[in-house]
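What follows is a short report on a single structure.
The values are calculated or read from the model by the stated rules, or taken from the named source; none is laboratory data. Since this is a predicted model, take the numbers as computed values, not measurements. In this analysis, Cβ positions are derived from the backbone assuming ideal geometry, glycine residues included, and neighbour counts consider all displayed protein chains.
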Amino acid sequence: MKPLSTCVVFFSCYTGILPSLLGADTPYLGNIAFVGDSITERADYRKSIWKSFLDNGYQDKTNGTNTAAVSGSKDFQMVGSRNSGRVNSLYQGQNFIGMHEGHASWYSGALIGDFKAGDQIPDYGGTRGGGYIRNWVSTTPGGAALDTTLPDGWKGTAWDDGSGHFKNKDLPALSTYKPDTIVIMVGINDHFGNPVNNTTPEQTVANIKAMVEMYREANPNANFYISTVLPVDTAKQTGRYPAEKKVINDMLMAVGDSWNNGNSQVKVFDGSIGFDPVTMTTDGVHPEAQGSMIFANNLAEAMGTGQRTAGKARVAVVDASKFIRQNMSSLPDSSSGGSSLAVQGSHVAARQLTATGSSSPSDLFVFTAPLGSSDPTRLSWQWSGNTIAERTLEVSLQLTSGVFGNQMTIGFGNTSASSGLQLDIRENGVFWGNTMLYGGSQSAEMADFRIAYIASGGVAAGYYVWRNGMLIGEALSGSTGAAINGFYIGQANSSSAAYGALGGIYWSETGAWAPDTLSGARPSYALPGASSMNTWTGSSSGDWGIGTGGSWSSSDGQFHQGDNVGFSSAATIRLVSPDIHAGTVSALGNLTVNTNGNNAVFDALQAASGTNFTKEGAGTLTVQGGSISSSQNSIATSNVKAGTLEVTGDTEINIASGRFDVSSATLKVSQGAHLTVQGVGEFSAGTWTTGANATNSAILVTGEGSWLESKVSVNLGNQKVAGRKDMLTVEDGGRFSVANTFNIGVRQDTDVTVRNGGVLVAETIGLGHSNAVSSGFTSNLYIADGGTVEAVSILRKSTNMTGNVHFDGGTLKARQDHANMISASSIAISAKGGTVDTNGFNVTIAQAIANESGQSGALSKAGKGSLTLSAASTYSGGTTVNDGTLIVAANGATGSGSITVKNGSILLNNAQVGGSVQVESGTIGGTGSFSSIVNMVQGNLQAAANGEIGTIQFNSGLVLGNVSCMLDLATAAARSVDQSDMIRISGTFDRMNDSSLKLVLNVLDGESMAEGDSRSYKLFDMARAEDYQKLENAQLVFDRSLYTVDAANLAVDGTIMLTREASIPEPSAPALGMMSLLGLMWKRRRKA
């Protein structure tokens, strides 16, 4: 077939895998452009699809300059103006460079150049500029020049070159490339977290269509792959996105072939098949490595380029020279031998079932293994020999739906004595340990799972897993201690049920093989379900364990794993068996569970309204869902010994009155759980009711998606007991939010730590309590590495205690303007540093910031808005401004280290800065002085702002690159004559090589100068006379319609002369009439 000339991929989000756009023939990629927002900017999915290209024989010619020769039918290069997110790693001998057009925070309109007034000018390769599709491909209608017109909201700003266009320095050399294949992934920023864009779904789809047409201007034969918008984790991300997403995706999927044009084809595909936003995103939006692999699989399926092979040959299971096949017509013997598997347990049988829509029955092995079986049911095989080698297993498997605790496990080992892979297939997905590899129902169809251990071949060694031909696990490690010299299929142990069917089992001891290309619908069977679980009922208390009976009643008088348990009145239960797993446990009276040193799991726990729930004893009680409703829910009250209550489901604790207490125990919220505490009472941790036990208490919120939410105020450390400490830790993607006030340490030593992706959110964080009756205790807030605390303010509430804020690599994020954001006994920064994200607000820290003892830590400013430091500080690690404005309002407020402005502003408010300053791109301004050398690569230099006159002083020296000096000139009679902003340089003055210096003059007070008047202004005051000469060739920018400037002495003594121009009289009405008549006569003469 004829190769296509261009391919483009767009990402928006939807579900469903479509056949190859180009049919059975190998698609031609050529120059391939990946276009989108921050999901595209990150390298993960682009690197994963790149690997699939290499696995299927494509040759990467990318050289990072968009100029590689792409001549062969399977040659390709990734093109774009950016190479951020580049991952320098080899795969099959090639290095991933990955040029692209992924632009963080961009919405669909920005990609077609439709910047809106007031919107942030998009980021272009680290600078701000007007890059968009027509610039990147160097095409405009009619061959016009590249469009560098500023949006209206940005005219007259620092980005304006004086004519309403972007400054040349802000338009780096734009890459000229003509993509053949274009992948588009956009739309999420149009309707999620960015309502100022106010883009309707209809406009989003129209913008995507406009992208297609713009790329066609560069290449009429380009082909496009447009992804539907991916789902988000709504527990982490809120807004109007979900409803808009569905509308966008429905509209995109309805496009069909209506956007096709001759040889230029457009294909919309669902990128979300197998994608779970809760477990496969870093923040609820951006796919992490696993989610990126799943999306890349869907893209490869849509493109028809072939799925990943991990560098191995594709071999079908019907190849008898490579694979052994299990006979599915009858169950094998109980011992392994020949070509048959060994059988363990009695809950599996050979049966014939007919797939939906079929007329012929199939031979299947059907599992009906319940929870708590004393002899787990499984099929197994032991490899011949005992040497580590590459081997392969393929299993066709479908789960039975609606079975409590259902899980089919595939154990696979390469004979290593210390490791073996355990793959758990559950109804909601495929799991490797706690990691979800593939999301979605596993009971809807008979899916093919292939596992191979790969030791060589240009890829990382480890276990590789495919589902229906798509790679879902790459270079996975085994679980230490799970030594498997072969494989097994079925129940891993008695803690799970195994209901489902196997349609085929194939294995190879001759090597690791990739699956062959699969096509067509998968069969689906109506499988036999589980028998009803026992339900315990009764009113008695007592010991409870697997197989116990006593006064309980059930079908056989015994408790079985998975049984529901109900009490008609109050009950106190002591668990006497380890690892009990119950269904729903409920009571109509007070309920006390003593784990007695054992661990137990309840799928739901329900206490009746007006009753108490108490967890006692050592060991962990895990609640996976349901609600705990009572007047007082207590974890470890006065009779507590020890233990943990862990919540892993979506659980509510509704408090009518009273408290929710954690005392000498641990409350743990994990595995994506959402625990909500709400009511009119007080939620407090560490309310000590007795002094008998000196054990610390703790609250732990851990794991991606885990969320402890309080609808009322929270108090930690509520009773003084010597030797005890209360602790709250939020980590590993967990979230703890308090609707009102969060008081850390009411009467007791208390530590709160937020780290490793954890987030703590509160209106006010109190250190101590205004009603504290104890004294001498300490409250610590640790904002640790990777953690974020979002608050309006942090306030020390009592003078009787010590309250400290420790930055240890984390971020404090503002929630609104505040004149005194932190008031504590101390603010300390460790060697890992700390960040204040003003988040678009204006906040002040009016307290000294120090370093932790013996450490040197740095402070970073992030986010739009301003941070004012108004107290002298002693931290020594330096200060970095990444965005927004840092206002220095006291001498020494930035400590003793250097200052780096990467993108933003530093303004002095009658203050002195001691450390050296490096401005990569930004603004220096205000009134005050710099004691050390200041280097400005590019940006703006100004003295006083807001129409005031001031002097900014550089005591050691100033070095300028491409800088605009913004200077105000006073002209009103009320001001001092000849008064202007001044730049005073007590040290040396230098300019960087090949730099451009502009003096932007702003005349204050309107037209107060009389026509013809002249005034002299001294703009620069330099200690060294020879430095004035370095002002030569400075470009003057001013209002030339009213004034003239004589700069003859600028390079002599730093002065200029400003003269008000005399106005030109307007022509009279008769004169205008005569001019019109002459014009008319000239026009008639030309017609003649």
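Scanning the range 551-578 for residues that are of a type in the set (D, E, K, R) and modelled with pLDDT of 65 or more, which turns out nearest to ALA497 (Cα to Cα)? Can you show your working first?
First, pick out the residues of the range 551-578 that are of a type in the set (D, E, K, R): 556, 563, 574.
Okay, now just the ones that are also modelled with pLDDT of 65 or more, so 563, 574.
Values: ASP563: 12, ARG574: 25 Å.
In this case the residue turns out to be ASP563.
Restricting the search to the range 1054-1065, which residues are in contact (Cβ under 8 Å) with a residue 24 or more places away in the chain and surrounded by fewer than 15 Cβ atoms within 10 Å (Cβ to Cβ)? Before you say what the answer is, go through the steps one by one.
Narrowing the range 1054-1065 to residues in contact (Cβ under 8 Å) with a residue 24 or more places away in the chain: 1054-1063.
Within the range 1054-1065, GLU1061, ALA1062, SER1063 qualify.
Going residue by residue through the range 468-491, is there one that turns out to be of a type in the set (S, T, N, Q) and modelled with pLDDT of 90 or more? Explain how you work it out, then say what you get.
If we filter the range 468-491 for residues that are of a type in the set (S, T, N, Q), which is where we start, we get 468, 477, 479-480, 485, 491.
Applying the additional criterion that residues be modelled with pLDDT of 90 or more yields 468, 491.
Among the residues of the range 468-491, at least one is of a type in the set (S, T, N, Q) and modelled with pLDDT of 90 or more, which makes the answer yes.
Under 7 Å between Cβ atoms, at least 6 apart or on separate chains: pull out the pairs that start in the range 814-842 with a residue that is closer than 20 Å to ASN882 by Cβ and end on any residue that is of a type in the set (Lys, Arg) and in a loop (DSSP other than H, G, I, E, B).
Sorted first by the residue in the range 814-842, then by its partner, the pairs are THR838/LYS864; GLY840/LYS864.
Condition (residue is over 16 Å from TYR177 (Cβ atoms), modelled with pLDDT of 80 or more and within 22 Å of the chain's Cα centre (by Cα)) applied to the range 15-37: is it met by at least one residue? Talk me through it step by step, then tell me what you get.
So in the range 15-37, the residues over 16 Å from TYR177 (Cβ atoms) come out as 15-28, 36-37.
Subset that is modelled with pLDDT of 80 or more: 27-28, 36-37.
The next check asks that each one be within 22 Å of the chain's Cα centre (by Cα); those that pass are 36-37.
Taking every residue of the range 15-37 in turn, at least one turns out to be over 16 Å from TYR177 (Cβ atoms), modelled with pLDDT of 80 or more and within 22 Å of the chain's Cα centre (by Cα).
Among the listed residues ALA342, ALA310, which satisfies the condition of being at positive phi and touching a Phe, Trp or Tyr at 6+ places or on another chain (Cβ under 8 Å)? Reasoning before the result, please.
Values: ALA342 fails: at positive phi.
Just a single option satisfies the conditions, and that option is ALA310.
Here is a yes/no grid of residues against (1) without any contact (Cβ under 8 Å) to a residue 24 or more places away in the chain; (2) surrounded by 17 or more Cβ atoms within 10 Å (Cβ to Cβ); (3) basic (Lys, Arg); (4) touching a Pro at 6+ places or on another chain (Cβ under 7 Å):
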residue	(1), (2), (3), (4)
SER956	no, no, no, no
MET982	no, yes, no, no
ARG991	no, yes, yes, no
VAL1003	no, yes, no, no
SER1014	no, no, no, no
GLU1032	yes, no, no, no
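List every residue pair whose Cβ atoms sit under 8 Å apart, with the two residues 6 or more apart in sequence or on different chains, where the first one lies in the range 512-528 and is outside any loop (DSSP other than H, G, I, E, B) and the second, anywhere, is among the aliphatic types (A, V, I, L, M) and modelled with pLDDT of 75 or more.
ALA514/ALA310; ALA514/ALA313; ALA514/VAL315; ALA514/ALA452
I'd like the residue in the range 457-467 that is part of a loop (DSSP other than H, G, I, E, B) and free of Cβ contacts under 8 Å to residues at least 40 places away in the same chain and, out of all such residues, is surrounded by the most Cβ atoms within 10 Å (Cβ to Cβ).
Pass one, the range 457-467, residues part of a loop (DSSP other than H, G, I, E, B): 457-461.
After this cut, where a residue has to be free of Cβ contacts under 8 Å to residues at least 40 places away in the same chain as well, the list is 460-461.
On the way: ALA460: 12, ALA461: 15.
Applying the filter and picking the extreme gives ALA461.
For residues that are at pLDDT 85 or above and surrounded by fewer than 23 Cβ atoms within 10 Å (Cβ to Cβ), tally how many sit in the range 760-776.
First, the residues of the range 760-776 that are at pLDDT 85 or above: 760-767.
Right, trim to surrounded by fewer than 23 Cβ atoms within 10 Å (Cβ to Cβ) and you get 761, 763-764.
Counting residues in the range 760-776 that are at pLDDT 85 or above and surrounded by fewer than 23 Cβ atoms within 10 Å (Cβ to Cβ) gives 3.
Find the residue count for the range 459-511, including only residues that are touching a strand residue (DSSP E or B) at 6+ places or on another chain (Cβ under 6 Å) and farther than 19 Å from GLY433 by Cβ.
15
Given the residues ASP276, ASP233, ASP283, which is the only one that is under 24 Å from the mean Cα position of the chain (by Cα), crowded, with 19+ Cβ neighbours inside 10 Å, in the same structural domain as ALA104 (by TED's automatic domain parsing) and not basic (Lys, Arg)?
Values: ASP233 fails: crowded, with 19+ Cβ neighbours inside 10 Å; ASP283 fails: crowded, with 19+ Cβ neighbours inside 10 Å.
ASP276 is the lone residue from the list that is under 24 Å from the mean Cα position of the chain (by Cα), crowded, with 19+ Cβ neighbours inside 10 Å, in the same structural domain as ALA104 (by TED's automatic domain parsing) and not basic (Lys, Arg).
So which residues in the range 495-522 are surrounded by fewer than 20 Cβ atoms within 10 Å (Cβ to Cβ), under 38 Å from the mean Cα position of the chain (by Cα) and in the same structural domain as VAL403 (by TED's automatic domain parsing), if there are any at all? Don't jump to the end; show me each part of the working.
Just the residues of the range 495-522 that are surrounded by fewer than 20 Cβ atoms within 10 Å (Cβ to Cβ), to begin with: 495, 504, 509-511, 516-522.
Still in the list and also under 38 Å from the mean Cα position of the chain (by Cα): 495, 516-522.
If the condition is that a residue be surrounded by fewer than 20 Cβ atoms within 10 Å (Cβ to Cβ), under 38 Å from the mean Cα position of the chain (by Cα) and in the same structural domain as VAL403 (by TED's automatic domain parsing), then SER495 is the only one that fits.
Is it the case, given these coordinates, that THR368 is in a strand (DSSP E or B) and at pLDDT below 90?
On the way: in a strand (DSSP E or B): yes; at pLDDT below 90: yes.
Yes: the conditions hold for THR368.
Which members of the range 580-602 meet the condition of being in contact (Cβ under 8 Å) with a residue 24 or more places away in the chain and among the aliphatic types (A, V, I, L, M)?
Result: ILE580, ALA587, LEU591, VAL593, ALA600.
Determine which member of the set ALA110, ALA68, ALA33 is without any contact (Cβ under 8 Å) to a residue 40 or more places away in the chain and buried (at least 23 other Cβ atoms within 10 Å of the Cβ). Let's see the steps before the verdict.
Numbers: ALA68 fails: buried (at least 23 other Cβ atoms within 10 Å of the Cβ); ALA33 fails: without any contact (Cβ under 8 Å) to a residue 40 or more places away in the chain.
Exactly one residue qualifies, and that residue is ALA110.
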